[in-house]
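The values are calculated or read from the model by the stated rules, or taken from the named source; none is laboratory data. Since this is a predicted model, take the numbers as computed values, not measurements. Cβ sites come from the backbone with ideal geometry, for glycine too, and all protein chains shown count toward neighbours. For the accessible areas, the whole protein counts, side chains as well, though only heavy atoms, and no ligand, DNA or RNA atoms are used. Shrake-Rupley method; radii C 1.70, N 1.55, O 1.52, S 1.80 Å.
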Amino acid sequence: MRPVRIPPFPGILPMIEAALPQPAVGVGAIVFDARGRVLLICRGKAPRLGFWSVPGGRLEPGETLLDCCRREVLEETGLEVEPLTIAALAERKAEGFHYVIVDFVARLKSAAEAKPIAASDVSEARWVALADLDAYPLVEGLQRAILAARGQAGLGDADGAGNLFLAAPG
């Protein structure tokens, strides 16, 4: 039996495409303080309103991943960080959003005790001990990413400009 070809219905494909969310790049920062606690924020808007995550957000046009990481942490917590290595890459489709998320391990620029202050689209920001992570409603996969980031080498900035990230030769 020969397969039957069904002609496309005019206008259906654009309607399907319009219903799908436009993919976007998100950048996050997994930041540990001198006591080994991780910096978490409570999301103040969708997606995942009310869930805890690491500071981060959408990559802006013309912005590098590194600059986005610095900007988002500063906007959401008031803290200045320096991104070090890429610790995790995640794809999330939820609540009408589609993000590909690049999570960096980042260090605080100041060694002094840093107190995060929630700002922007964040309702709370705080340092959390790794042993206490189970007490927080975390976004999907975050706890695994945080625990994996602790002490991992990750992908480093190979060209010094934030354009190429490679595993360290080993």
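Before moving on, here are some points about what is shown:
- Checked against (1) open to solvent by less than 50 Å² (accessible area, probe 1.4 Å); (2) in contact with a Leu (Cβ under 7 Å, 6 or more places away or on another chain), Glu80 passes all but a single condition, namely (1).
- Pair list, Cβ < 6 Å and 6+ apart or interchain, from the stretch 46-66 residues that are under 29 Å from Asn163 (Cα atoms) to residues that are surrounded by fewer than 13 Cβ atoms within 10 Å (Cβ to Cβ): Pro47/Glu95
- Criterion: open to solvent by 30 Å² or more (accessible area, probe 1.4 Å) and in a helix (DSSP H, G or I) - qualifying residue of Ala153, Ala118, Ala131: Ala131
- Identity of the residue in the stretch 76-111, assigned to a strand (DSSP E or B) and of a type in the set (Asp, Glu), that ends up farthest from the chain's Cα centre (by Cα): Glu82
- Enumeration of residues in the stretch 86-97 that are open to solvent by less than 70 Å² (accessible area, probe 1.4 Å), at pLDDT below 95 and more than 15 Å from Gln143 (Cα to Cα): Ala94, Gly96, Phe97
- Among residues of the stretch 161-170 being in a loop (DSSP other than H, G, I, E, B) and within 21 Å of the chain's Cα centre (by Cα), the one that is modelled with the highest pLDDT is Leu164.
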